[in-house]
Amino acid sequence: MSLDLLYIDDEPDIRELVEISLEMDGRISVRTVPDGAAGLSSFAQKPADAVLLDVMMPGMDGPQVLERLRKLPSGAQVPVIFFTAHTRADERERLLTMGAQTVLIKPFDPLTLAGDILAALGSAS
């Protein structure tokens, strides 16, 4: 079984590293998009099992994307994991209060990222 993950991040180098890292693991298939609008469009066309969402993006930030995602019929209950360089406890708590499954911190370990995502979703094996 493979988890279909939509990854939304404006940083192309990070998107590429995450994509390579997750595909090497084999348990996650990942689609990447460069911004919130593209992410919402991609999700509306083909809902994902989960969303990995950068917090700080130009135009529409991660919390705004989450708010709009929740208004899509298939997005109301999809697990969302925020991905951020902000490590302050109050910021993390704010993101969790918004309905995130968890918050993963950048920089990340490419060798453990897939396991971290699966553990956050309760499907690590």
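The values are calculated or read from the model by the stated rules, or taken from the named source; none is laboratory data. Values in this document were obtained by computation on a predicted structure and should not be read as measured data. Reconstructed Cβ throughout: ideal geometry from the backbone, glycine too, with neighbour counts over all protein chains shown. When the accessible area is computed, the model is the full protein with side chains, heavy atoms only, and any ligands, DNA or RNA have been set aside. Shrake-Rupley method; radii C 1.70, N 1.55, O 1.52, S 1.80 Å.
Give the residues of the stretch 18-55 that are exposed (fewer than 15 other Cβ atoms within 10 Å of the Cβ) and within 19 Å of Ile117 (Cα to Cα), sorted by residue number.
Ile20, Glu23, Met24, Gly26, Ser29
Could you please find all residues in the stretch 76-125 being in a loop (DSSP other than H, G, I, E, B), in contact with a helix residue (DSSP H, G or I) (Cβ under 8 Å, 6 or more places away or on another chain), buried (at least 16 other Cβ atoms within 10 Å of the Cβ) and of a type in the set (A, V, I, L, M)?
Val78, Ala100, listed by residue number.
Kindly indicate the residue of the stretch 1-11 that is modelled with pLDDT of 95 or more and touching a Ser or Thr at 6+ places or on another chain (Cβ under 9 Å) and also surrounded by the most Cβ atoms within 10 Å (Cβ to Cβ) among those meeting that condition.
Ile8
If you scan the stretch 1-50, which residues turn out to be in contact with a helix residue (DSSP H, G or I) (Cβ under 6 Å, 6 or more places away or on another chain) and among the β-branched types (Val, Ile, Thr)?
Ile8, Ile28, Val30, Thr32, Val33
Of the residues that make up the stretch 23-30, is at least one assigned to a helix (DSSP H, G or I), charged (D, E, K, R) and without any contact (Cβ under 8 Å) to a residue 60 or more places away in the chain?
Within the stretch 23-30, one or more residues are assigned to a helix (DSSP H, G or I), charged (D, E, K, R) and without any contact (Cβ under 8 Å) to a residue 60 or more places away in the chain.
Quickly run through the stretch 56-75 and pick out the residues that are open to solvent by less than 40 Å² (accessible area, probe 1.4 Å) and assigned to a loop (DSSP other than H, G, I, E, B).
Met57, Met60
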